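Report on one structure; see the data block that follows.
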Amino acid sequence: MITVRLQEPLARHTAMRTGGPCEAWVVARTDEDVALVIHDCRRASWKLTMLGAGTRTVVRDGGQRGAVLRLGGELAALDLVAPGAGAPMPALVELAARAGRGGLEAFVGVPGSLGASLLHDDGWDELVDEVYVLQRGARRTMSLPDVRRKQPVVLGARLALSERDPVELRREVDARWRHARPGSWYTPPKPVGRQRPLDVREVLASVRLPMVRLREVAVPALAPELLINLGHGTAADLLLLHRSAIERVVKVRGIDLGSRIGWMGEA
Ligand SMILES: Cc1cc2nc3c(=O)[nH]c(=O)nc-3n(C[C@H](O)[C@H](O)[C@H](O)COP(=O)(O)OP(=O)(O)OC[C@H]3O[C@@H](n4cnc5c(N)ncnc54)[C@H](O)[C@@H]3O)c2cc1C
């Protein structure tokens with residue numbers, strides 16, 4: 001069953017709660033649903049954009065043309081052997097800890113969906129046997145490097161988790177939660193040689209940011225690597241605050257911080 005809502009505000013579906021409407025908000029639950037949505041969008045010359053949990057995406061205030069697709073039902077299955085791409089990572093991490101299945105503890109603190117994490121986050125190479133993608137109207141398998149290169153619609157994956165002592169694994173997951181840091185909006189420059197990666201929080205804290213609040217968006221004093229929406233903040237203000245921080249760090253420390261956030265839609 002496919003759910004379609006027209007002129008759906010995307011602010012409802014992203015962690016930052018910004019974003020104007022998309023022409024069609026679509027939830028697909030089976031491979032056939034996804035194939036049909038892709039087919040219909042192509043026939044209507046509509047742009048199709050995937051959205052997972054929306055923790056790595058800021059939608060601009062003007063909204064998004066075309067259809068925005070989220071995966072649900074069996075395509076969000078919480079299964080430790082073959083989870084769906086829509087499955088929430090925190091739930092998969094917890095399920096694996098309880099079942100004594102090792103490997104996902106590396107993703108403690110990642111609030112996104114499996115599909116987006118496979119595409120964007122480090123740490124999956126040894127944990128994935130194969131990735132399931134939709135190609136030419138059907139489910140096919142693809143290697144992780146190819147998925148990263150081709151960026152197809154990800155449907156799920158076959159995981160290769162290891163047997164671990166549940167008590168020991170529980171202790172490790174809890175320890176990682178205690179030290180988990182919310183995801184930074186910035187990426188440090190790649191370390192050269194034996195250099196340790198720069199601590200983005202330390203770098204941002206070392207330069208007096210020109211702006212820490214802009215209308216309804218702000219930079220938390222103790223976590224300058226984050227940006228928060230205080231209620232009715234706009235994507236435009238988030239972008240301004242984000243850019244001014246990056247420019248300030250270049251000016252004061254000569255360091256080029258990258259941005260981890262994807263921007264979707266029109267201004
Ligand atoms: C508080 C916080 C903590 C975080 N901590 C970490 C962390 O510790 N480590 C880390 O690596 N990242 C972290 N992140 C970044 C982010 O959560 C991860 O990258 C996560 O994997 C993104 O998942 P998502 O479902 O929210 O992605 P979304 O924002 O929904 O989507 C990201 C991109 O993936 C595409 N996409 C989504 N689903 C699919 C699919 N099924 N098929 C094809 N394309 C798809 C979208 O089109 C979009 O371009 C954090 C983010 C936040 C806000």
Cleavage-rule hits (trypsin sites (Lys or Arg not before Pro)) in segment 167-265: DSSP loop, at most 15 neighbouring Cβ within 10 angstrom: R194, R208, R215, R260
Gain on full stretching of the segment that runs from K47 to L6 - 0.36 nm per residue minus C-alpha separation: 13.3 nm
Convex hull per residue volume in Å³, alpha carbons only, for segment 151-267: 203 Å³
So, with +1 on the Cβ of K and R and -1 on the Cβ of D and E, and no other charges, what is the size of the charge dipole of segment 78-178 about its Cα centre, to the nearest 20 debye? 400 debye
Of all DSSP beta bridges in segment 1-68, what percent run antiparallel (nearest 5)? 55 percent
Say each of D125 and E94 gets a label point 7 Å from the Cα, pointing the same way as Cα to Cβ; how far apart are those two points in nm? 3.1 nm
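Given a cut-off of 12 Å, what percent of all Cα-Cα pairs of segment 136-194 lie beyond it?
Values: 1388 of 1711 pairs.
Roughly 81 percent, once rounded to a whole number.
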With +1 at each Lys and Arg Cβ and -1 at each Asp and Glu Cβ, the charge dipole magnitude of segment 3-74 around its Cα centre, to the nearest 20 debye, comes out at 300 debye
Using θ = phi - 60° and the Karplus curve 6.51 cos²θ - 1.76 cosθ + 1.60, what whole-Hz ³J(HN,Hα) does each residue of segment 56-68 get, with Gly and Pro shown as x? 10, 10, 10, 8, 5, 5, x, x, 10, 6, x, 9, 10
Could you pull out every residue, at least 5 positions away or on a different chain, whose amide H is within less than 5 Å of the one on V153? Hs are placed 1.01 Å off N in the peptide plane, and Pro or chain starts have none. L134
Under the Karplus curve 6.51 cos²θ - 1.76 cosθ + 1.60, θ = phi - 60°, whole-Hz ³J(HN,Hα) for segment 114-124, x wherever Gly or Pro sits: 4, x, 5, 5, 4, 6, 10, 9, 6, x, 8
The chain - mean residue ellipticity at 222 nm from DSSP helices (-39,500 (n - 2.57) per run, n ≥ 4, rounded to 500): -9000 deg cm²/dmol
Average accessible area per residue (Å²) across segment 3-74 - probe 1.4 Å, nucleic acids and ligands excluded: 47 Å²
What list of ³J(HN,Hα) couplings, whole Hz, do you get for segment 43-53 from phi and the Karplus terms 6.51, -1.76, 1.60, once you set θ to phi - 60° and write x for glycine and proline? 4, 8, 6, 9, 5, 10, 10, 7, 9, x, 8
Rounding to the nearest 20 debye, state how big the charge dipole of the chain is about its Cα centre with +1 on each Lys and Arg Cβ and -1 on each Asp and Glu Cβ. 800 debye
Work through the residues other than H13 whose Cβ is under 12 Å from its Cβ and net out their charges, Lys, Arg +1 and Asp, Glu -1. +3
I want to make sure I understand the PRE zone here: with the label point 7 angstrom from the Cα of A267 toward its beta carbon, which residues in segment 6-42 have backbone N atoms less than 18 Å away? 19-21
Under 5 Å between amide H atoms, partner at least 5 residues away or on a different chain: which partners does R260 have, H built in plane at 1.01 Å? Y186, T187
DSSP beta bridges in the chain: the antiparallel percent, rounded to 5, is 70 percent
Over segment 150-216, what percent of the accessible surface lies on carbon and sulfur atoms, probe 1.4 Å? 53 percent
Classify segment 3-74 from the C-alpha gyration tensor, please: rounded if a/c falls under 1.5, else prolate or oblate depending on whether a/b exceeds b/c. oblate
Between E247 and D40, what is the label-point separation in nm under the 7 Å Cα-to-beta-carbon projection? 4.4 nm
Report, by chain and number, residues whose modeled amide H sits under 5 Å from the one on L127, excluding near sequence neighbours (fewer than 5 apart, same chain). none
Among trypsin sites (Lys or Arg not before Pro) in segment 82-157, those in a DSSP loop whose Cβ has at most 14 other Cβ atoms within 10 Å are R136
What are the semi-axes of the equivalent ellipsoid for segment 1-133, taken as the square roots of 5 times the Cα gyration tensor eigenvalues, largest first, in whole Å? 28, 17, 12
Return the FRET efficiency for the residue pair R176, A221: r is the Cβ-Cβ distance, R0 is 41 Å, and the value is rounded to the nearest 0.05. 0.95
Where the accessible area of segment 1-105 is counted over protein heavy atoms with a 1.4 Å probe, how much of it, in %, is carbon and sulfur? 54 percent
Within the P(r) computed for segment 79-229, what percentage of the Cα pairs occupies the region above 19 Å? 62 percent
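Taking Cα atoms of segment 67-116, Rg/Rh with Kirkwood Rh, to two decimals? Each step should come with its number before you reach the end.
Values: Rg = 10.9 Å, Rh = 11.0 Å.
Rounded to two decimals, Rg/Rh equals 0.99.
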Quick one: what do you get for the chain if you divide its Cα Rg by 2.2 N^0.38 Å? 1.06
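The values are calculated or read from the model by the stated rules, or taken from the named source; none is laboratory data. No experiment lies behind these values; they were computed from the predicted model shown. Glycine also receives a Cβ, built like all others from the backbone with ideal geometry; neighbour counts cover every protein chain displayed. Note: areas computed on protein heavy atoms with side chains; ligands, DNA, RNA excluded. Shrake-Rupley method; radii C 1.70, N 1.55, O 1.52, S 1.80 Å.
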